[in-house]
1. Can you name the residue in segment 168-210 that is among the β-branched types (Val, Ile, Thr) and surrounded by fewer than 16 Cβ atoms within 10 Å (Cβ to Cβ) and, of all such residues, is farthest from Ser106 (Cα to Cα)?
2. Got at least one residue in segment 123-141 being out of contact with any Ser or Thr (no Cβ under 8 Å at 6 or more places or on another chain), more than 23 Å from Gln177 (Cβ to Cβ) and assigned to a loop (DSSP other than H, G, I, E, B)?
3. Could you tell me which residue of segment 146-160 is surrounded by the most Cβ atoms within 10 Å (Cβ to Cβ), considering only residues that are under 23 Å from Leu71 (Cα atoms) and out of contact with any Leu (no Cβ under 9 Å at 6 or more places or on another chain)?
4. Only one of (1) surrounded by 17 or more Cβ atoms within 10 Å (Cβ to Cβ); (2) under 30 Å from Ala206 (Cα atoms); (3) out of contact with any strand residue (DSSP E or B) (no Cβ under 6 Å at 6 or more places or on another chain) is not met by Thr90, so which one is it?
5. Quick test for you: out of Thr135, Thr45, pick the one residue that is in the same structural domain as Thr17 (by TED's automatic domain parsing), surrounded by fewer than 15 Cβ atoms within 10 Å (Cβ to Cβ) and β-branched (Val, Ile, Thr).
6. Kindly evaluate Val53 against the criterion of being among the β-branched types (Val, Ile, Thr), farther than 21 Å from Lys203 by Cα and in a loop (DSSP other than H, G, I, E, B).
7. Which condition from (1) in contact with a strand residue (DSSP E or B) (Cβ under 8 Å, 6 or more places away or on another chain); (2) exposed (fewer than 15 other Cβ atoms within 10 Å of the Cβ) is the one that Asp225 breaks?
8. Report every pair of residues separated by at least 6 positions or lying on different chains whose Cβ atoms are under 9 Å apart, first residue within segment 20-42 and assigned by TED's automatic domain parsing to the domain that holds Cys89 and within 11 Å of Ala67 (Cα to Cα), second of a type in the set (Asp, Glu) and not in a loop (DSSP other than H, G, I, E, B).
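The values are calculated or read from the model by the stated rules, or taken from the named source; none is laboratory data. Not measured: the values here are computed from a predicted model. With ideal geometry, Cβ positions are generated from the backbone for all residues, glycine too; neighbour counts draw on all protein chains shown.
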Amino acid sequence: MSHTSTATAVQISVEDTIGYITLTEPQRRNPLSVKTMRSFLEALTDLSANPAVRVIIVRALGPAFSAGHDLTEVVGRSLDQEREIFAICTKMMQSIHQVRQPVIASVQGIALAAGCQLVASCDLAVASTAARFGTPGVKIGLFCSTPMVALTRAIGRKQAMRMLLTGEMIDAATAMQWGLVNEVTNPETLDTVTRTMAQTIAKASAMTLSTGKEAFYRQIDLAEDDAYQATQEVMAVNAVTHDSQEGISAFLGKREPQWQDR
């Protein structure tokens, strides 16, 4: 099963249980224009509503994953127009956390500014050894303040500040060491490694994955007491679901579970 969205900059497809969102403007280094961000949001919404899709992979064509905002849209605009650009970007990034499926970034090249924000916003990320990451806004007088939100929640403060203040790029190995990506692999194996990770996750109950992802982002910035209060209720409710009872029974009975996603 495969279909394509109307916008040329974003392609959507489904293969088995994995949904793909592909940025398809390689000649422009896949900029996140307002139109592209709206199309991405639409693609994310479409895939999220598809019951067959258990995991979503975000990838891009060409040498760059995404060079960030389309700067031609940022020049000579009114304050309200600038607000619109960053509001749609924020909505897009937050939606990645709000959709029920885990979202994996498959990063083949440079990911800069809002492109780096996109990687940091995804639940997981696999990078090619050719990938580079940076928040170079400081070099052009526009500090990467919104990318900073996702970046500082993915990596430590000192490392984030170094990227933000210097504007210098880091390589894939450094990105993994700092916690921005989960795994680094050769360019020729990037698709396979990302797909294998997605398939491993897709074996779980979709209901269980959705429950866990929502709880993760709800508790992550809470104080420990509040986090435990929130998650103990999530676990109790999860425990009485069909799939939890089936999964535990299957484990105890040494058989494969039959998920019903409820």
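1. Thr200
2. Scanning segment 123-141, I find at least one residue that is out of contact with any Ser or Thr (no Cβ under 8 Å at 6 or more places or on another chain), more than 23 Å from Gln177 (Cβ to Cβ) and assigned to a loop (DSSP other than H, G, I, E, B), so the answer is yes.
3. So the residue we want is Thr146.
4. Single failed check for Thr90: (1).
5. Residue meeting the stated conditions: Thr45.
6. So Val53 fails the test.
7. Only one criterion in (1) in contact with a strand residue (DSSP E or B) (Cβ under 8 Å, 6 or more places away or on another chain); (2) exposed (fewer than 15 other Cβ atoms within 10 Å of the Cβ) is unmet by Asp225, namely (1).
8. Close Cβ pairs (under 9 Å, with a partner that is of a type in the set (Asp, Glu) and not in a loop (DSSP other than H, G, I, E, B)) amount to Pro31/Glu73; Ser33/Glu73.
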